[in-house]
1. Please specify each residue of segment 155-212 satisfying the condition of being modelled with pLDDT of 75 or more and assigned to a helix (DSSP H, G or I).
2. Looking at segment 60-77, is at least one residue outside any helix (DSSP H, G or I) and open to solvent by less than 80 Å² (accessible area, probe 1.4 Å)?
3. Can you list residue pairs whose Cβ atoms sit under 6 Å apart, with the first residue in segment 376-393 being open to solvent by less than 70 Å² (accessible area, probe 1.4 Å) and part of a loop (DSSP other than H, G, I, E, B) and the second being at pLDDT 80 or above and polar (S, T, N, Q)? Count only pairs 6 or more apart in sequence or on different chains.
4. Kindly evaluate residue 111 against the criterion of being open to solvent by less than 70 Å² (accessible area, probe 1.4 Å), assigned to a helix (DSSP H, G or I), farther than 28 Å from residue 93 by Cβ and not charged (D, E, K, R).
5. Look at segment 424-443 and say how many of its residues are exposed (fewer than 12 other Cβ atoms within 10 Å of the Cβ) and within 47 Å of the chain's Cα centre (by Cα).
6. For residue 262, work out the one condition from (1) open to solvent by 50 Å² or more (accessible area, probe 1.4 Å); (2) more than 22 Å from the chain's Cα centre (by Cα) it doesn't fulfil.
7. Is there any pair linking a residue in segment 325-340 that is within 17 Å of residue 270 (Cα to Cα) to one that is surrounded by fewer than 13 Cβ atoms within 10 Å (Cβ to Cβ), with Cβ under 7 Å and at least six apart or on different chains, and which?
Amino acid sequence: MPLNYSKWDQLELSDDSDIEGHPNVDKRSLIRWKQRDIHEKRETRKMKISALRAEIACNGVLSPRLHSVRATLGSADGGLKYFQQLVEKLQTQPSPEAPPTNAKDQPTYDAMILSLLLQVWDGAKSLPADEREAAVLSGLDKHIKQLTDHTKQLEKDLVDEENEQRKHITSEDIHEGFESKYTPAKPPPPPVKNAKIDAPTKTKTTTEFEVLNPAASSSKAPSPSAAPDNFPDSVEDDEIEEELPELTPSLEQFSRLPLWGYSQSFNFIQANRDVVVPGASDALLVAAFRAESKGQSEFAKKCVHQSLLLQYCEKLGKDGVRLFFQKMIADDQRAVSVFVKDVEGTYAHLKTRARAAATEVSDVQREQIQLVPENPSASISFNVPDGPPPEDLRLEGPGTEDLEVEQVREALQMRWDVFESFPEDLKAALKIGTLDEVNKVLGNMDVSIAEDVVGKLEMAGIMSFVSGGVRDETGNGDEENEDEENAE
């Protein structure tokens, strides 16, 4: 097979041995001059290519705008009025958008269009009024055609310069052909939080000694490795509160996929490696139970479907994901019927368990707030206000000399507002005035709401505690108590 050396024709060297120069000029100088000439031409060509691309890009922005202006001027809504409004807008509210160059004082696109429109108007304003609109349209058409022809010429020059650039091999054309690097495999994704992972079993070797008198050796002290049953550090398994596995963001999205959508599930697993991890199926079952308890049956069944899907993939071995979805996507009736039956049965069992758990929770007596006197001799009474304070509030009777009418009015109004803020059933129970009726209403409230109600009753003075019997206010009772304590 003949070798092809044509690619070396594009190699441009600056120290060719066939350089013919003047006998009075040394060859090294000629080589340096030629090398400098090659680099200068190369840089000039690069700058020209860059300038051509920038000008073509600028014309690509200006051309559609000019066509839009021409179309509007030629329409019924256009005319010289639109032309003048456009010129005024470009002069007073120009856009700062400009070509992406580092040139100093680079004009914006609006400035370029304004300059062109002013040139068109300078050529048309000297004409009669009825001919100006046609002259403006003709001038725009002329400039648009010139811009289109100039852009085509620029594109042709750009192609010529790029072809000339590709004729010569330079250091910029050097690139790596083949490269061998070791890329370590991605670490496996972590398991789901609170997932149960079976620890690897460790084999333990024990040595047994055969003795002549087994009865005597049985009375020896127990080995230190055997911990007693009542060891303080040992904890019962049922005393440890078990934490359930939680859904990760990827599993949350995976659980929202439609039922029996095997292709979508397979594509999602391929794009998200952290779906097939230890504890993922358990987390989906926990989410299914919680959703069923909240009445979200559709989402619960989806979680059961995706959980069993991962379980089947795990049971099929290392290549279980591919094997499972290969049968399901191919609609293998035997495999599909088994899987569908398992999903329906598991969901029915989960639905039964969720219903039973809800019944158990409802049967358990929930926490309540009840009003109970501290001792049998005391009682709780309720003083319900009849209404807001009257307009002509008067204070009469002993002990009212130091009270101000406005303060008393504010206190009575606050008391009435508190009473009116209570629900209707509580207000009816307070009007009845019995402790049983009030406790019955408080028992149907949440603990936090009931606590707030009791606090408001005490603050407003609607609820009061009354001690039974006769209170000794002479002080003799206190002295007798002190004497009894000293005697003891």
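1. Listed by number, the residues that qualify are 155, 156, 157, 158, 159, 160, 161, 162, 163, 164, 165, 166.
2. Within segment 60-77 (the criterion being outside any helix (DSSP H, G or I) and open to solvent by less than 80 Å² (accessible area, probe 1.4 Å)), the answer is yes, since at least one residue qualifies.
3. Within 6 Å, the pairs are 389/413.
4. Criteria not met by residue 111.
5. Within segment 424-443, residues that are exposed (fewer than 12 other Cβ atoms within 10 Å of the Cβ) and within 47 Å of the chain's Cα centre (by Cα) number 1.
6. Looking at each condition in turn, residue 262 falls short on (1).
7. Final answer for the pair search is 329/263.
The values are calculated or read from the model by the stated rules, or taken from the named source; none is laboratory data. As the structure is a prediction and not an experimental result, all values here were calculated from the model. We place every Cβ from the backbone using ideal geometry, glycine too, and count neighbours over all the protein chains shown. What goes into the accessible areas is simple: the full protein's heavy atoms, side chains included, and nothing from ligands, DNA or RNA. Shrake-Rupley method; radii C 1.70, N 1.55, O 1.52, S 1.80 Å.
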